[in-house]
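Student: This is the structure I have questions about; it appears just below.
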Amino acid sequence: MTTNDNNPPDERLLVHALVDGELDPASALRLERQIAADPALAAERARAEALRRALREKVGPKPLPAHVRMRVERTVGLGAARATARPSWAALAASIAVALLLGSGATYLALGPQAGSGDRIATQIADDHLRALMAAQPFEVASSDRHTVKPWFNGKIPQAPRVVDLAAQGFPLAGGRIDVIGGEAVPALVYRHRQHLISVSAVPAGAADAAQISRRTVRGYNVVGWRDGNTSYWAVSDLGAGELEGFVQAFRTAPAE
Amino acid sequence: MDGDRVSIEEDRRRFADVVMPHLGDAYALAHWLTGDAADADDVVQEASLRAFRAIGSYGGRNARSWTLTIVRNTALSWLAKHRRRTVVAVDDLEAVERAQALPGREGAALNAPTPETELIAKADAARLESAIAALPVPFRETLVLRDLQGLDYREIAEVTEVPIGTVMSRLARARRRLAERIGNEE
């Protein structure tokens, strides 16, 4: 009970901010020292971490039912919505074509002729991600095993991408597919995080591509690009910017095979 | 007339860009707040209409926060209209907790933190979900936005329209209540 005196409630709140990665390094360091010296704070942290893990691993997603999405599309008069519950393949293909057409037209207007190649690639990556989400399956090979996904690319494209296992970090592999970026077939890996999907495309880097990380928002999706050797990588998802950043960090630092 | 048609098309395009990517999160939040799939469907429809009417005022910042703010407000007014539930102001809740919770059982739990974290680790999905559902709305929405939907504190402050300090204290209280409930229901 006397511990409470050394422990004004503020510190215990800060423990949660620490667990959530919301503290700047200096404050985090100071708090880490206090936690080491104080079992009450240590208990608070253990509890918060246990809960976070349990919630993340066990509470199931509440997936959006198809009829809810279609009802919304009808309500606001979006073109893709059909009265029928089950759109035919032709209709679906047509709506995808329309979306792509609208997308590229809008992109051109938004970016203008002087936009850098990074912007164009980011937009294409976001389009491919969006198109994949609209398909029945967001990937062509479905597997959580990188030893299944990597060989699948062989023979389809010149070089199979780097495939890393990030399940332990909360990003299990869902599958892979091939996108076409700037007329070239490039591999895309699909990872899952809760009910969100992340596409990672590996594009041969141009000499002009900058080495540092770039961040953009394209049509509401977050896009992070970075370069590794002769390849530029692009991750796109509807995840929040912070979480996507965490994924990119995990992807870049994971050991290759 | 032609101008009207063009601006509606423009609104539709913006809606498709801004709101549609986050419809899944919108539905999940509505589901957690109303506790029911059919109610969540209705809330999402109503929120979509509100968002569509307001799409011209979307400032181009965080599309997900913008969308979820509308969904959250729609869900709260929906709850107020359709549920005859005693509404407890969160200030009262916080005062009660300050008055009784901290001294006694806090001390008891301190010396033995392991059993509680073990119970939490052993809890199954059904128990976790019923514990979340039992949280008062201000705590529940904060916990769901952070731990299930992955928003950061700044985004949660935006969506729930409170200062970041309040987000932090609600989150701590929500987690404490959850942990106690899971720990007690053996």
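The values are calculated or read from the model by the stated rules, or taken from the named source; none is laboratory data. Because the structure is predicted, anything quoted here is derived from the model rather than measured. All Cβ positions, glycine included, derive from the backbone under ideal geometry; neighbour counts span all protein chains shown.
Student: Are there any pairs, at least 6 apart or on different chains, whose C-beta atoms fall under 9 Å, with the first in the stretch B:144-167 and farther than 16 Å from B:L33 by Cα and without any contact (Cβ under 8 Å) to a residue 24 or more places away in the chain and the second surrounded by fewer than 24 Cβ atoms within 10 Å (Cβ to Cβ) and of a type in the set (S, T, Y), and if so, which?
Tutor: Once the first residue is farther than 16 Å from B:L33 by Cα and without any contact (Cβ under 8 Å) to a residue 24 or more places away in the chain and sits in the stretch B:144-167, its partners that are surrounded by fewer than 24 Cβ atoms within 10 Å (Cβ to Cβ) and of a type in the set (S, T, Y) give B:R154/B:S65; B:A157/B:T166; B:I164/B:Y153; B:T166/B:T160.
So that you can scan it fast, the table gives a plain yes or no per residue for (1) surrounded by fewer than 16 Cβ atoms within 10 Å (Cβ to Cβ); (2) modelled with pLDDT of 85 or more:
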| site | (1), (2) |
| --- | --- |
| B:A37 | yes, yes |
| B:S65 | no, yes |
| B:R84 | yes, no |
| B:G107 | yes, no |
| B:T117 | no, no |
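Student: Looking at the stretch B:16-31, is at least one residue under 14 Å from the mean Cα position of the chain (by Cα), within 22 Å of B:S130 (Cα to Cα) and either in a loop (DSSP other than H, G, I, E, B) or aromatic (F, W, Y) (or both)?
Tutor: yes
Student: Between residues in the stretch A:190-207 that are within 26 Å of A:G229 (Cα to Cα) and residues that are hydroxyl-bearing (S, T, Y) and at pLDDT below 85, which pairs lie under 7 Å by C-beta distance while being six or more apart or on different chains?
Tutor: Hits for this filter: A:G206/A:S117.
Student: Could I ask something else about it? Tally up the residues in the stretch A:162-183 that are closer than 17 Å to A:A132 by Cβ and over 13 Å from the mean Cα position of the chain (by Cα), please.
Tutor: Total satisfying the criteria: 7.
Student: Could you list, in sequence order, all residues of the stretch B:41-59 that are in contact with a Ser or Thr (Cβ under 8 Å, 6 or more places away or on another chain) and in contact (Cβ under 8 Å) with a residue 24 or more places away in the chain?
Tutor: If the condition is that a residue be in contact with a Ser or Thr (Cβ under 8 Å, 6 or more places away or on another chain) and in contact (Cβ under 8 Å) with a residue 24 or more places away in the chain, then B:V43, B:E46, B:A47, B:S48, B:R50, B:A51, B:F52 are the ones that fit.
Student: Looking at A:E44, A:E22, can you tell me which residue is under 24 Å from the mean Cα position of the chain (by Cα) and either more than 8 Å from chain B (Cβ to nearest Cβ) or at pLDDT 90 or above (or both)?
Tutor: A:E22
Student: Out of the residues in the stretch A:217-257 that are assigned to a helix (DSSP H, G or I) and among the β-branched types (V, I, T), which is nearest to the other protein chains (Cβ to nearest Cβ)? Break it down stepwise before answering.
Tutor: Step one: list which residues in the stretch A:217-257 are assigned to a helix (DSSP H, G or I), which gives A:241-253.
Filter again for among the β-branched types (V, I, T), leaving A:248, A:253.
Working: A:V248: 15, A:T253: 20 Å.
Across the stretch A:217-257, the extreme among qualifying residues is A:V248.
Student: If you scan the stretch A:47-80, which residues turn out to be more than 7 Å from chain B (Cβ to nearest Cβ) and farther than 30 Å from A:L133 by Cβ?
Tutor: A:E49
Student: Still on this structure, please answer the following. Within the stretch A:207-222, identify whether any single residue is of a type in the set (V, I, T), surrounded by fewer than 19 Cβ atoms within 10 Å (Cβ to Cβ) and within 21 Å of A:P138 (Cα to Cα), and answer yes or no.
Tutor: Yes.
Student: Taking only the stretch A:234-245 into account, find how many residues are surrounded by fewer than 22 Cβ atoms within 10 Å (Cβ to Cβ) and without any contact (Cβ under 8 Å) to a residue 40 or more places away in the chain.
Tutor: Residues that pass the stated criteria total 3.
Student: Further question on the same structure: Looking at (1) facing chain A (nearest Cβ under 7 Å); (2) at pLDDT below 90; (3) assigned to a helix (DSSP H, G or I), can you tell me which one B:L102 breaks?
Tutor: Every condition holds for B:L102 apart from (3).
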